[in-house]
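A.B. asks: The structure is given below, and queries will be raised subsequently.
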Amino acid sequence: MNDIPVLVDYFAARLAARTGKKISQIEKRSLSAMQQYAWPGNIRELQNVIERCVILADGVVLRVDPGMLLQQPLSTVRDVAPADHGWDRRSQIESVLRETRGKVYGPHGAAARLGLPATTLDSQLRTLGINKHQFK
């Protein structure tokens with residue numbers, strides 16, 4: 001994913017300016033992790049991850065918390081059949097919903113544990129036909 005470094009720089013600079021923070025570099029390990037990630041939520045998910053990283057940054061170096069990128073790396077996802085990947089994602093979401101008793105939103109909700117915006121998780125629930133209420 002050659003465009004990830006450019007997008008990360010763009011979002012980090014834009015969001016740092018908006019929050020009044022000074023981000024001057026991106027940790028190499030974090031950038032590598034972002035390049036290997038499959039980005040199922042596409043560019044919006046990337047933007048949300050960078051926004052969280054900027055907000056949490058306590059210095060000039062942008063770092064990604066490993067928990068924000070929970071899915072399999074891109075290289076692994078490419079080797080998995082689409083139907084299999086869908087079931088892996090489904091079981092991952094269902095497992096977290098069991099732990100949170102069906103709670104999606106909030107700091108202790110399933111979306112936070114999966115490192116996704118709650119609206120993205122709601123969309124995935126609809127797509128996968130998962131009823132969050134069955135886990136209460």
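Values quoted throughout were computed directly from the atomic coordinates according to the rules given, and no laboratory measurement underlies them. Just so it is clear, the structure is predicted and the values come from calculations on it, not from any experiment. No Cβ is skipped: glycine too gets one built from the backbone with ideal geometry, and neighbour counts run over all protein chains shown.
A.B. asks: Within a Cβ distance under 15 Å of residue 103, other residues only, what is the Lys/Arg minus Asp/Glu net charge?
C.D. replies: +2
A.B. asks: Could you grab the Rg to Rh ratio for segment 1-55? Cα atoms only, Kirkwood for Rh. List each step's numbers first, then the result.
C.D. replies: Working: Rg = 10.6 Å, Rh = 11.3 Å.
Looking at segment 1-55, the ratio lands at 0.94.
A.B. asks: On to the next question. Through the Karplus equation 6.51 cos²θ - 1.76 cosθ + 1.60, θ set to phi - 60°, convert the phi angles of segment 7-12 into ³J(HN,Hα) values in whole Hz; use x for Gly and Pro.
C.D. replies: Once θ is set to phi - 60°, the couplings for segment 7-12 become 5, 4, 4, 4, 5, 4 Hz.
A.B. asks: For segment 85-136, what class follows from the C-alpha gyration tensor (a ≥ b ≥ c being the square roots of its eigenvalues): rounded when a/c is under 1.5, otherwise prolate if a/b is larger than b/c, else oblate?
C.D. replies: It is rounded, given that a/c, with a ≥ b ≥ c, falls under 1.5.
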